[in-house]
1. Report, largest value first, the span of the C-alpha coordinates of the chain along each principal axis, in whole Å.
2. Given an 8 Å cut-off on Cα distances and at least 6 residues of separation, report the relative contact order of segment 3-103 as a percent.
3. Hey, for a label at Arg2 modelled as a point 7 Å past Cα toward Cβ, could you say which residues of segment 75-103 have their backbone N under 19 Å away?
4. R0 = 35 Å: FRET efficiency of Ala34 with Ile14, Cβ-based, nearest 0.05?
5. Could you work out the helix-only [θ] at 222 nm for the chain, with each DSSP H run of four or more residues adding -39,500 (n - 2.57) and the total divided by the number of residues, to the nearest 500 deg cm²/dmol?
6. How high is the FRET efficiency from Ala73 to Val99, r the C-beta distance, R0 22 Å, rounded to 0.05?
7. Rounded to the nearest 20 debye, what is the charge dipole size of the chain about its Cα centre when +1 sits on each Lys and Arg Cβ and -1 on each Asp and Glu Cβ?
Amino acid sequence: MRIALHTRVRADRIEEYEAAHRGVPEELTAAIRAVGVDSWTIWRSGNELFHLLECEDYARLLGELEHLPVNVAWQARMADLLDVTHDYSEHGAGAGLPVVWQL
């Protein structure tokens, strides 16, 4: 399944956000892959962030990562950099952007 998300980096923290993503912990990327994520791409326009995930089951991904210590630590780090964060709670599964059109 494909999931598109929108988050927002704080305008004064863009460089830190990008630097953080140059060093995503290998333990976190391994955990993300282990829960069925084939790819996850983030694009930035100004301080707006757009994510596209290819995964088996987005609700399962959230459930398995929500309390995983390496993800909890990463999300705490991101919370300092973001105005709009990725929601890993059970309600987050409905946070994907709706499809308007596709070819």
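Quick note: the coordinates plus some simple rules give every number you see, no bench work behind them. Every value quoted in this text rests on a predicted model; they were computed, and no experiment measured them. Ideal geometry is used to build each Cβ from the backbone, glycine not excepted, and the neighbour counts take in all protein chains shown.
1. 35, 34, 23
2. 41
3. Only 94-103 pass the distance filter.
4. The value I calculate is 0.70.
5. The helix-only estimate for the chain comes to -10000 deg cm²/dmol at 222 nm.
6. According to the calculation, E is roughly 0.10.
7. 200
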